[in-house]
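Take a look at the structure below.
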Amino acid sequence: MDRAPTLEILAREPEGFSIWNGPPFNNGQPKVKLERVSCTAANYCGSGSRLMVMESSSSICVYDCNTSTKIKSFDIPAVSASTLSPCGTFIQTFQKSTTPQEKNVVLWLIENGAAVYQHFQKNMTKTTWPAIQFSSDESIACRMVTNEIQFLDGKDFTKGIIYRLRVPGVMAIELSKTPGSHIAAFVAESKGVPASVQIFSCKQDAQAQPIARRSFFRCSSIQLHWNHGSTGLLAVAQSDVDKTNQSYYGESKLNYLTTDGSHEGLVPLSMFSFLFCCHRFPSFFFMYEVRIIDLWSICQGRRVPFMMFNGHPRVWNLPLSMDLFLPEQQYLTTNAVHCLSWVQALTIQSDGIRKGNVSLSGKLSFICLAGFGNLPGDMAFWDYSEKRLIGTTKAECSVSSEWSPDGLYFMTATTAPRLQIDNGIKIFHYNGSLYFKKMFNKLYQADWKPEAPEKFGDIMDLVKSVSIIKIDETKTQANTSQAAAKVSMNTSQAATKVSTNIMQKPVAYRPPHAKNAAAVKAELFGGISSSEEINKNAMRNKKRREKQREKKAAEASAAASDDN
């Protein structure tokens, strides 16, 4: 087996980004692989082979991730959006255009910097970007136009449009990635006709009729998610208004369709539940989080299609329910949706942890249940194979979280602009123990470099190697500490006594505008300062207590004289 790739971490600050070698670290600190580079944005391609860097609004650079060197620069004025293709072969850019004659969506070949394809697009939204979608191997490409889906040869764009698929009223599409064999199309509700999600084959000969179709009313937005293998599709339909008046946050419906036509149905949710999908757009929804995690891309044919959280938006302080759906056991077609036994154990035993996020490691070995966003940040780590809890911890104020590609480390980050203070990175072991922590004045982004999980060895071998490294580091630290203790034992004892005596309670946080408020008020209105006012109150209370003591003493002496 080839040597496993080295883990890498990208950290972007206001001054630019830098790349570190990932864990395990020597001496507990990461080694900087690429020194800080000025930029406004940085993103990896899907395979992790190349890195796109926005140096300014008119300059884009592409780096080779193996050598960390700049391989190509593009000077494109007024770029509004840009993205890399899955393998890093092409870069796609969008510019605002005033006339249809100006082709503002351009596909550039990174190797020579040539524009291989371009077309006009009036505007850009999350639904319509990227305008050109690729399969994971870049063999198939497609784009959506009015009432039509156009297919292109991902290896040779000089052929132009090779065939067209007519879908009247199409508003959003999603091409399956691995492999690129099917495409899902969403048609919005119009003139009393319900909205629908349809699945078509990407083969030209089999595109006459949809393979699967699901219709529904009350849909304001849609999110489409393919599994690994392109055999099933999750469609999350959301409406801004709940006509049943059961939820202020709108209404959600989860639909499940298969490419073989065996299932085209609605996934039943609990009553008063709201569903929020975070696979593509991670976010936080007030004090309530409901997430769907697409596990198909990791499971690769195993019997675990997807997990989800659901519950009531207003009962945010109670644990949400997590369901593991198995369509081959027909759980999707019944109202009594059950979970596997170990998932039930998760729900029962971790009721003390308010959770709204679930993350599965790339090797399908460990699961992290967490409550981020407006929740306290509790995390519970579970062993997937043994179905047992292996550790709990907390990562407060975490904005993003992600497993390392080898499945041994879990990284959380507190980033701006979501939070402007306490920005930093925390890396935990698979069992929840803290491995590394670094704070920043301001941090915008923290990402693992993408790598295929198959490039790493068996998870148990990796766990053993990490344990050996930890034992060696512990022995080295113990020997060093013993030597230092023999040299300066008296000094350390004295320092320990001093440190125990100087322990103080943490000071409460005060916002900057309130620190000098009392002094400013006294200066403006001629009053006394807060410190002087406190001293006067203390003296007044002291005199009052002394008078009370004298009065009690006089009463006691008078009572004694009367008895005599």
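The values are calculated or read from the model by the stated rules, or taken from the named source; none is laboratory data. The model shown is predicted, which means the values in this text are computed figures rather than measured ones. Note that we place each Cβ from the backbone using ideal geometry, even for glycine, and neighbour counts take in every protein chain shown. What goes into the accessible areas is simple: the full protein's heavy atoms, side chains included, and nothing from ligands, DNA or RNA. Shrake-Rupley method; radii C 1.70, N 1.55, O 1.52, S 1.80 Å.
Observations on the model:
- Here the accessible area of segment 26-73 is 44 percent carbon and sulfur, with a 1.4 angstrom probe and all protein chains present.
- Distant alpha-carbon pairs in segment 171-267 (separation over 22 angstrom), percent: 28 percent
- In summary, the convex hull built on the alpha carbon positions of segment 149-198 has an orientation-averaged projected area of 3.9 nm².
- Residue-normalised accessible area of segment 49-117, expressed per residue, 1.4 Å probe, Å²: 45 Å²
- For segment 194-261, the per residue solvent-accessible surface stands at 45 Å², with DNA, RNA and ligands left out and a 1.4 Å probe.
- Carbon + sulfur, % of accessible area of segment 386-461 - ligands and nucleic acids excluded, 1.4 Å: 50 percent
- Out-of-range pairs (alpha-carbon distance over 21 Å; input 387/449; 33/437; 126/177; 203/455; 33/70; 426/449): 387/449; 203/455
- Centroid-to-centroid separation of segment 186-212 and segment 1-67 [C-alpha atoms, Å]: 41 Å
- Shown here: segment 9-70, whose C-alpha atoms stretch 41, 26, 17 Å along the first, second and third principal axes, sorted largest to smallest.
- For the pair residue 392 and residue 137, the difference between a 0.36 nm per residue extended length and the Cα-Cα distance amounts to 87.9 nm.
- Rh (Kirkwood; distinct C-alpha pairs) - segment 90-154, Å: 12.5 Å
- Peptides 176-189, 249-262, 88-101, 215-228 ordered by packing proxy, namely the average of other Cβ atoms within 10 Å per residue, highest first: 176-189, 215-228, 249-262, 88-101.
- Each residue, residue 114 and residue 445, gets one label point 7 Å from its Cα in the Cβ direction; the gap between the two is 2.9 nm.
- Within segment 46-67, backbone nitrogen closer than 17 Å to the virtual label 7 Å beyond the Cα of residue 31 toward Cβ: 66-67
- Note on segment 123-212: along the principal axes its Cα atoms extend 42, 31, 22 Å, ordered by decreasing extent.
- Residues listed by number, segment 395-432, amide nitrogen under 18 Å from residue 374 label point at 7 Å toward C-beta: 396-400, 418-420
- C-alpha center-to-center spacing [segment 415-459, segment 217-240] in angstrom: 29 Å
- Per the Kirkwood formula applied to alpha carbons, segment 1-118 shows a radius of gyration over Rh ratio, Rg over Rh, of 1.04.
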